[in-house]
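Beneath this line is the structure, given in structure tokens, with notes to follow.
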Amino acid sequence: MNTPTQPSIPPRQASPAPNAVSPPVDPLFLAAPRVSTFLGTQALTNASGFFFERDGRLYLVTSRHVVQDAVSGHHPDRLEIELHLDATNLTRSTGFSMLLYSQKKSVWRQGRDSGGEIDVAVLELDRSQLPAGAVIHAFTPAHLQTAFETVRVDASLLVVGFPLGFHDAVHHLPVVRQAAIASPYGIRFQGHGYFLTDARTHRGTSGAAVVMRDASPTAATAALPWRLMGVHSSRMDMGNRDLVLDESLGLNCAWYADILLTLTEPVAPAPTAPVPAA
């Protein structure tokens, strides 16, 4: 399925000069675009996301509540992501718009499991519509952390995103927050498909990649040497917490990233009805 697109807005050029040369950055920063939601021309919210590639198909991954959230009445009709146009001059970027509906049907994929709805959504990008020279680094199935037992409880993680929409507005790069694993990795916390992290997060971080440095990258992961652990969703809190006396727990939910294997499975074409004989 190809995600319908709208024409990209003209390239943005921040000051420094157009010939400015940027020092090389970790490819992780170029795998996580800023996400903005819109209803028509009205800007709604800021969020985070990252690229995932499988079998030659490119996807944007974010939180499901970024594309639709009935509880808060959030119903955008398109997203816009920011793409770099030059790996050596990071001040050059452009907006790329993605419609969320085609023929009144949603174009994103989301999932459920035994614990209920999963707060992850994927949208396929039509590569033919991407601007020429777009610089994109994408996670792949090879980046997924499937050996749960090898993840130590003291492992250091990063959350790569745009808290409150904050970012390097000159070079159009996300920020990273240090995180610790706060529940046993590989165990579904309270029966849901997520684990907990201990990190300082804010609105706008929804959809951010939760990653761990890959100490032994393979040929398939060397260009982006990070293990994809999860998708940051929201902060975890206690319903009976005294809002005056008790501080927030400071914990977050991160959905296990292996859900992406289900959400990016090829869709079988609809069966064709036989044509009646003349």
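Could you please find all residues in the range 1-37 being open to solvent by 30 Å² or more (accessible area, probe 1.4 Å), touching a strand residue (DSSP E or B) at 6+ places or on another chain (Cβ under 8 Å) and either modelled with pLDDT of 75 or more or part of a loop (DSSP other than H, G, I, E, B) (or both)?
Residues satisfying the conditions are Met1, Asn2, Pro4, Pro7, Ser8, Ile9, Pro10, Pro11, Pro18, Val25, Phe29, Arg34.
Let me confirm something: among His65, His84, which residue is more than 23 Å from Gln129 (Cβ to Cβ) and not β-branched (Val, Ile, Thr)?
Every option except His65 fails the conditions.
Do you know which of the residues in the range 130-151 that are touching a residue at least 12 places away in the same chain (Cβ under 8 Å) and more than 22 Å from Phe29 (Cα to Cα) is farthest from the chain's Cα centre (by Cα)?
Of everything passing the filter in the range 130-151, Glu149 is farthest from the chain's Cα centre (by Cα).
Look at the range 176-194 and say how many of its residues are in a strand (DSSP E or B), of a type outside the set (Ser, Thr, Tyr) and touching a residue at least 40 places away in the same chain (Cβ under 8 Å).
Within the range 176-194, the first condition is being in a strand (DSSP E or B), and the residues that meet it are 176-181, 194.
When the remaining residues are screened for being of a type outside the set (Ser, Thr, Tyr), the result is 176-181.
Filter once more, keeping what is touching a residue at least 40 places away in the same chain (Cβ under 8 Å): 176, 179.
Residues flagged as in a strand (DSSP E or B), of a type outside the set (Ser, Thr, Tyr) and touching a residue at least 40 places away in the same chain (Cβ under 8 Å) within the range 176-194 amount to 2.
If you go through the range 140-154, how many residues are more than 14 Å from Ala215 (Cα to Cα), open to solvent by 40 Å² or more (accessible area, probe 1.4 Å) and part of a loop (DSSP other than H, G, I, E, B)?
Adding up the residues that qualify gives 3.
State yes or no: is Gly207 surrounded by fewer than 22 Cβ atoms within 10 Å (Cβ to Cβ), part of a loop (DSSP other than H, G, I, E, B), on the phi > 0 side of the Ramachandran plot and of a type in the set (Gly, Ala, Ser)?
No, not satisfied.
Would you confirm, using the coordinates I've provided, whether Gly193 is closer than 21 Å to Asp113 by Cα, surrounded by 22 or more Cβ atoms within 10 Å (Cβ to Cβ) and at pLDDT below 95?
yes
For the range 155-175, how many residues meet the condition of being under 22 Å from Ala121 (Cβ atoms) and either in a helix (DSSP H, G or I) or open to solvent by 20 Å² or more (accessible area, probe 1.4 Å) (or both)?
5
Select from the range 121-139 the residues that are of a type in the set (A, V, I, L, M, F, W, C) and either open to solvent by 10 Å² or more (accessible area, probe 1.4 Å) or closer than 17 Å to Glu80 by Cα (or both) and list them in ascending order.
Within the range 121-139, Ala121, Val122, Leu123, Leu125, Leu130, Ala132, Ala134, Val135, Ile136, Ala138 qualify.
Residue check: is Leu100 open to solvent by less than 10 Å² (accessible area, probe 1.4 Å), touching a Phe, Trp or Tyr at 6+ places or on another chain (Cβ under 8 Å) and aliphatic (A, V, I, L, M)? Full working, then the answer.
Details: open to solvent by less than 10 Å² (accessible area, probe 1.4 Å): yes; touching a Phe, Trp or Tyr at 6+ places or on another chain (Cβ under 8 Å): yes; aliphatic (A, V, I, L, M): yes.
Taking the combined requirement at face value, the residue satisfies it.
The values are calculated or read from the model by the stated rules, or taken from the named source; none is laboratory data. All values reported here derive from a predicted model rather than from experimental measurement. Virtual Cβ from ideal backbone geometry, glycine too; neighbours counted across all protein chains shown. Each accessible area value is taken on the protein alone, full model and side chains, heavy atoms only, with ligands, DNA and RNA left out. Shrake-Rupley method; radii C 1.70, N 1.55, O 1.52, S 1.80 Å.
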